[in-house]
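A quick write-up on the structure given underneath.
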Amino acid sequence: MVFATEGQIKYICSLARQLGYDHENYDFDLMTREQASAIIDLLSDEMEG
């Protein structure tokens, strides 16, 4: 299992804050890179509207 990178985690936190979400709801300790990518895609799509 390959865990999420620090860059992915920071980006998720940034997007979540911009959208008004609490980034504390995400379990970054066990998040894989694949899961992080999926969350980034979802949050990015929501940002675009």
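The values are calculated or read from the model by the stated rules, or taken from the named source; none is laboratory data. Bear in mind the structure is a predicted one, so any value in this text is a computation, not a measurement. Virtual Cβ from ideal backbone geometry, glycine too; neighbours counted across all protein chains shown.
For segment 16-49, which positions are of a type in the set (Ser, Thr, Tyr) and either in contact with a strand residue (DSSP E or B) (Cβ under 6 Å, 6 or more places away or on another chain) or within 17 Å of THR5 (Cα to Cα) (or both)?
Step one: list which residues in segment 16-49 are of a type in the set (Ser, Thr, Tyr), which gives 21, 26, 32, 37, 44.
TYR26, THR32, SER37 - these are the residues of segment 16-49 that are of a type in the set (Ser, Thr, Tyr) and either in contact with a strand residue (DSSP E or B) (Cβ under 6 Å, 6 or more places away or on another chain) or within 17 Å of THR5 (Cα to Cα) (or both).
Against the definition (surrounded by fewer than 10 Cβ atoms within 10 Å (Cβ to Cβ) and aliphatic (A, V, I, L, M)), how does LEU43 come out, yes or no?
On the way: surrounded by fewer than 10 Cβ atoms within 10 Å (Cβ to Cβ): no; aliphatic (A, V, I, L, M): yes.
It is false that LEU43 is surrounded by fewer than 10 Cβ atoms within 10 Å (Cβ to Cβ) and aliphatic (A, V, I, L, M).
Can you name the residue in segment 1-40 that is β-branched (Val, Ile, Thr) and not in a helix (DSSP H, G or I) and is also surrounded by the fewest Cβ atoms within 10 Å (Cβ to Cβ) among such residues? Step through it out loud before you land on a result.
Within segment 1-40, the first condition is being β-branched (Val, Ile, Thr), and the residues that meet it are 2, 5, 9, 12, 32, 39-40.
Subsequent filtering for residues that are not in a helix (DSSP H, G or I) retains 2, 5, 32.
Values: VAL2: 7, THR5: 11, THR32: 13.
This residue is VAL2.
Can you confirm whether segment 20-31 contains a residue that is at pLDDT 95 or above and charged (D, E, K, R)?
No, segment 20-31 contains no residue that is at pLDDT 95 or above and charged (D, E, K, R).
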